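Here is the structure we will look at, set down as structure tokens.
Here, each number is a calculation from the coordinates, and none is a lab measurement. Not measured: the values here are computed from a predicted model. Methodologically, a virtual Cβ is constructed for each residue, glycine included, from the backbone with ideal geometry; neighbour enumeration extends over all protein chains shown.
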Amino acid sequence: MSNRTYLPGVGGTPFGNVPANPQAANYISDSGYGATGTILLRKAIEEAIYSAVPEQYYALKLLFQKPFKDELSDEFEYLEKTFGRTALASTGTASAVSASAGAEVTQVVAMTADSVTRIQPNDIVIYPDGTKGIVRSIASLNVTIASQTSVGLPAVATGDVFSIGGPLMADGENTFYHYDRMQVVTRYNYIQQFLRAARWNKIELIKYQNLGTTDYLDKDKGEKMEQLRTDLFVTLFNGTRGEFRMSSTIPAKTTGGIFPSMVAAGSMSGNPTTAGLRSQFETLAFKTNFKQEGGTRMIYGTPEMLYELSKVFKDPGVRYAPNDTVSSMDLKQYEFGQMKFVPVPCQLFNEQSCFPASWQRKLLILDQESITPVKLKGLPAMDSGTTLDKGSNGTREGFKDWYVEANMGLKFNNPLGCFTLDIQ
């Protein structure tokens, strides 16, 4: 029958609003309503899928603003020139020696194996109380020190630290006493490979393209790229240099990230309470201050921990003005002791799918200029593509794989110029 009669009006069965639902509508499945659906209506689906991912990932933008440096291999070494001057430490005691008018007095001080490689005869050394002496001779780990004329030498205790005054020369001498060469520290790391992918069967993909109600395909690709950047972020901060076996057989290198590199290098750290946060922060800030006067370091932490820091400083901070607009993220900075610090909110530190719970109360104070992401020369840092399916250039695959990939390592010079705090 082509037509069906009905009585118009409210609840005009079988028509009206109750049955006016698309098939599989939620109103039909909700209990007790007795609603039905029709093939004549389609679901009202918003075309654009809303992203509920937090926007507060400043650190991603800041860390990756520096261009990736090319390396020739997936293992690379880099060298650092150290300060070239190390304090001396005693390993034994020595009694005080009284002054002898018009003459020198001597004293034998046992020192560490490292200390005796830092000095030569005729080098001036400085006792903890400021007394000056001159190295007369070195025999194994025993250093004979002579006083200035008519001056005595103080007692020495185990663990006393001596400063180095430098080599002494007398007029008319024709002998060079002090020879040395610059020492370097060798560091190394690996470049790690990353990949995420999605597979679409041939007909399945066509149906999504023809019948899709939303921008799901585009959003799915964007999600892969976003997760890849998050993978890079997590690894850059917390990756451990080493190797895993893929499927128990194929080796894959992993790169060492910022925090594990700091631990391995012996960077300073503290575990203050909120009450002791300012004191601990200032102490470690001065001890790790290797930057030029007025240099800026970044403080990475959760918004909650940065708020705790702002409270103890009781300082609203001034506007951080970076040299380039890429870093313009409306950040503030603190200044004290000719040093500058910029808090950078790291919402991802709160996300346990990315970092252990301990990172929720961790602050990393970093010299940004000493941190450089690297990649393998000849490969882009990040790339994407699609494999061929059946009918494309002779392949027999009945599907397409869309993938995003990356390769990244970390070059971290002078991690001793950085420090961490775990707030209790």
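Below, the figures for the structure above:
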item	result
Projected label distance in nm at D114 and K219, using a 7 Å step from Cα toward the beta-carbon	5.6
Cβ-derived FRET efficiency at R0 41 Å, V161 paired with E335, nearest 0.05	0.85
N413/L211 FRET efficiency (R0 60 Å; Cβ-Cβ; nearest 0.05)	0.65
Distance in nm between pseudo-label sites at S150 and K253 (7 Å out along the Cβ direction from Cα)	6.6
Extension reserve of the S310-T91 stretch, reckoned as 0.36 nm per residue once the Cα distance is removed	74.5 nm
Length added when fully stretched, T82-K377, from 0.36 nm per residue minus Cα-Cα	103.4 nm
Sites I39 and V263 - FRET efficiency at Förster radius 51 Å, r taken between beta-carbons, to 0.05	0.20
In nm, spacing of pseudo-spin labels at D30 and D171 (7 Å Cα→C-beta vector)	10.3
Model label zone, Q183; criterion: amide N under 19 Å from point 7 Å along Cα-to-beta-carbon; scope region 89-124	89-91, 110-124
Length released on extending from Q227 to T283, taking residue separation times 0.36 nm less the Cα-Cα span	16.4 nm
Above-threshold pairs, the threshold being 28 Å between Cα atoms, out of K332/K362; K340/K377; K219/K390; K66/K332	K340/K377
Cut-off 19 Å (backbone N to label point 7 Å along Cα→Cβ of E75), residues of region 228-256	240-246, 249-256
